[in-house]
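Here the structure comes first, spelled out in C-alpha cells, and everything after it is commentary.
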Amino acid sequence: MSRNQLAISGLIWGALVLAALFPALFTGYDPLQSNPIAALKPIGTEGHLLGTDYLGRDVWARLVYGARSAIGMGLGAMAIAATVGVLLGLLAGLGGKWLDNLLNGLFDILFSFPDLLLALLMITMLGAGSLNALVAIGIAGIPSFARLMRGEIRRIRNSEFVQSSVALGVPRFTNIWRHIIPNALGPVAVLASLFVGRAITYGASLSFLGLGPARPTPEWGLMLADAQLYLSMAPGLALFPGLAITLAAAGSVLFARSIRRTAE
Amino acid sequence: MLHSIRTSFLASLLIKVVLVTWVAASITFAVMHATPGTYADLLLSDLAQYGLTAERRAEIIAVYGFDKPLWQQYLLYLSKVFHGDLGMSYALAQPVLDLILAQLTPTLYLAGSAIVLSLGIAILVAIATLRAGRFGRMLSSICEVVVVSIPNFWLGLILLTWLSFRLGWFPASGAGSFASLVLPALTLGIPMAGTFVQILRPELQKEINAPYFITARARGRGFHAVVLRHALLHAILPVLTLSASYFAILISGSVIVENLFGRPGIGRLMLNAVLVKDVPLVSGIVILSAVTFVVINQSVDRLILWIDPRIERH
C-alpha cells in the first residue's frame, strides 16, 4: 500500500515538474495566444482536445503552463515556512528555559490565527500578486513548523539514547548535530510534504478570489475564476484546472503518507 | 476544590485571550504603520476627497494621536482595542465591531449547517465502512485522499454546475431560502466530513473490539444498535477535541464559500476589506477570530475533562 502511494505521488509530481520545466514538450500551443473565432470550443474538439476558453485559448496549453506557478507556489511557500519555522523551533528547543517559554508562548498565540486569515492580513499589507501571495502563505505556515520542530527536539532531547550519549561524555554540539537534529527532521519532512499541497490549494484559492497573479497569466485558480462566468455554457472549463489542483495536492498528501512510516 | 478549578480555568482563559489580543493588535499596528504611505496619510487623503475641513482634520489627528510619538500611538491603540473599540473601517466609515456583528448571523447559519451536515455524513460513512473488506477499505482510503485534496472552491463550482445549472435543484446564489443554504453548506461540509471520518473510523474500530461491545453483542443486541447506542458516544470525543481547528477551517472556508455563492457574512466582509486594503476591518476580523479560537479551544478542553474525567490522569 505504502509503495503504491509512493509510486502514484512520484508519477504525479514527475509529470508536474516536467511540465513546469519543459512545457513545450507537452503542447504546441502558446497559452497566451487568443483566437476569438475558436472561443469556447467544447471538450474533444479537433486540435483542442480539452477545448478552448472564452478567448479561444487552448485549455490544455494553459493547464500545462500553469504547472510552473503551482509548483513555484507550493515549493516557495514551503521553503519560507519550513526554514523560518525550523530555525525558530531549534532556538526554542535548544535554548534556555526562559527563551523556550517565550517562544513557545508566541507559537501558541500565532497558532490561534486561522492561517488563511493570517495570509489575507499579509496580503492587505503587501497587496495582491503571485509573489505576495506566496510570501503570505509561507509566513502563515511558520507557526506549525516551529511548534512541530520544538516539540520534536524536546522529545528527542529527553529520549534515552541522547541521555546516555550525554552521560558518555559526547560534546553538546556533536549531540545536537549528530543525534537531535537528524531525528527531528523526519516529522518535519512529513509536514513539509503536506504543506506543499496545502500551499498549492491556498495559492489557487487566493487567485480565484482575485488576490493572486493578474490576467492573462496561465494559473489554475485564475482559470477557474474565469470559468465561473461560463458554467452553464461551457461547464468543461471548470473541470480540468480543479482536477489539476486536486492531483497536485493529492500527490503531496500521498507522498507525506508514504514517508510517514519511515520518518516516525 | 471545584471552585478553585473553575477560577483557575477562567483566569488562564482570560490570560490567553489578553495575550492573543495583544499580539494581534501589535501585528496590526505594525501593519498599519509599515504600509507605504503612513496610516495618517492614507486616512486623511481618502477623507480629503469628501471635502475635509481643517478643523475636522485636526480633530481626526487628535483622535488617532497622529501628532504624538509612535510609542504613544501604540499605547493609545492598545487601550482602545482592550476597551472593545476596534476602530473605524476606512472604506465603510462605520465602527468595525458593528460591521462584524451585523454579518455574524448568516455566517453562523452557514457554519452550523456545515458542521451538522459533515458530522452526519462522517458518521454514516464511518459506520458503513466499519466492517468493509479489503476492497472497501481501499476504496474509502482513496476517497479520503481525494476529499482532503479537493480545493473547496472547486468543489463548490462542481456542485453549482451539476446541482444548480444542470439539474436546477438548488439556487446558484442568494441567502433568502433554506434551499440556498444547501450548496454552500455541502461545499464547506464535505472536506470536513473527510477529516471527521479519518478520526472516527479508527476510534470505532477500537470500540467494536472492546470487551463491553462483545458482551453486548453476546447478549443478542444488533451490531448497529450497539454502535449507535454506545460506541459512537465514545468515538465522538476525539472529534470534539479538535473543535478549535474546525472553527479555523470554517472561518477560512467561509471567505471562499460566501464569495462563491454570493452570500452575505463575515467571509464576504473580509474579502471586500482585503480588496480595498481596509486594514482596521481586516485586523478586526483576524483579532476576533483568534480570540474565538482560544475560547473554543480552552472551553472544549474543560468540557472533555467533564465528560470523561479519566483523561485528567494522563
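Among B:ILE199, B:ILE214, which is the only one that is in contact with a helix residue (DSSP H, G or I) (Cβ under 7 Å, 6 or more places away or on another chain) and at pLDDT 85 or above?
So the residue among B:ILE199, B:ILE214 that is in contact with a helix residue (DSSP H, G or I) (Cβ under 7 Å, 6 or more places away or on another chain) and at pLDDT 85 or above is B:ILE199.
Listed here are the residues, each with its yes/no results for (1) within 14 Å of another protein chain (Cβ to nearest Cβ); (2) farther than 30 Å from A:PRO241 by Cβ.
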{"residue": "A:ALA77", "(1), (2)": "no, no"}
{"residue": "A:ALA92", "(1), (2)": "no, yes"}
{"residue": "A:GLY96", "(1), (2)": "no, yes"}
{"residue": "A:THR124", "(1), (2)": "yes, no"}
{"residue": "A:ALA133", "(1), (2)": "yes, no"}
{"residue": "A:ALA136", "(1), (2)": "yes, no"}
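I'd like to check something: does the range A:98-111 contain any residue that is away from chain B (no Cβ under 14 Å), surrounded by 24 or more Cβ atoms within 10 Å (Cβ to Cβ) and assigned to a helix (DSSP H, G or I)?
no
Where in the range A:155-264 are there helices (runs of 4 or more DSSP H), lying wholly inside it, with at least 3 residues that are under 30 Å from B:GLY156 (Cα atoms), touching a residue at least 12 places away in the same chain (Cβ under 8 Å) and within 19 Å of the chain's Cα centre (by Cα)?
Result: A:181-208, A:220-227, A:240-263.
Could you tell me how many of the residues in the range B:154-175 are at pLDDT 80 or above and within 16 Å of A:ALA225 (Cβ to Cβ)?
Total satisfying the criteria: 7.
Among the numbered criteria (1) touching a residue at least 12 places away in the same chain (Cβ under 8 Å); (2) within 14 Å of chain A (Cβ to nearest Cβ), which one does B:VAL146 miss?
(1)
Within the range A:222-240, track down each residue that is within 22 Å of A:LEU16 (Cβ to Cβ) and either within 8 Å of another protein chain (Cβ to nearest Cβ) or aliphatic (A, V, I, L, M) (or both).
A:LEU222, A:MET223, A:LEU224, A:ALA225, A:ALA227, A:LEU237, A:ALA238, A:LEU239 - these are the residues of the range A:222-240 that are within 22 Å of A:LEU16 (Cβ to Cβ) and either within 8 Å of another protein chain (Cβ to nearest Cβ) or aliphatic (A, V, I, L, M) (or both).
Show me the helices (runs of 4 or more DSSP H) entirely contained within the range B:32-110 in which 3 or more residues are surrounded by 13 or more Cβ atoms within 10 Å (Cβ to Cβ) and at pLDDT 85 or above.
Ranges flagged: B:70-82, B:96-102.
For the condition under 28 Å from B:GLU207 (Cα atoms), of a type outside the set (Phe, Trp, Tyr) and buried (at least 20 other Cβ atoms within 10 Å of the Cβ), what is the one hit in B:ALA114, B:ALA128, B:ALA132?
Numbers: B:ALA128 fails: buried (at least 20 other Cβ atoms within 10 Å of the Cβ); B:ALA132 fails: buried (at least 20 other Cβ atoms within 10 Å of the Cβ).
Every option except B:ALA114 fails the conditions.
Taking A:ALA199, is it surrounded by 24 or more Cβ atoms within 10 Å (Cβ to Cβ), over 19 Å from A:GLY85 (Cα atoms) and either of a type in the set (Ser, Thr, Tyr) or within 14 Å of chain B (Cβ to nearest Cβ) (or both)?
no
The values are calculated or read from the model by the stated rules, or taken from the named source; none is laboratory data. Please read these numbers as outputs of a predicted model, since none were measured by experiment. Cβ: placed from backbone, ideal geometry, glycine included. Neighbour counts: every protein chain shown.
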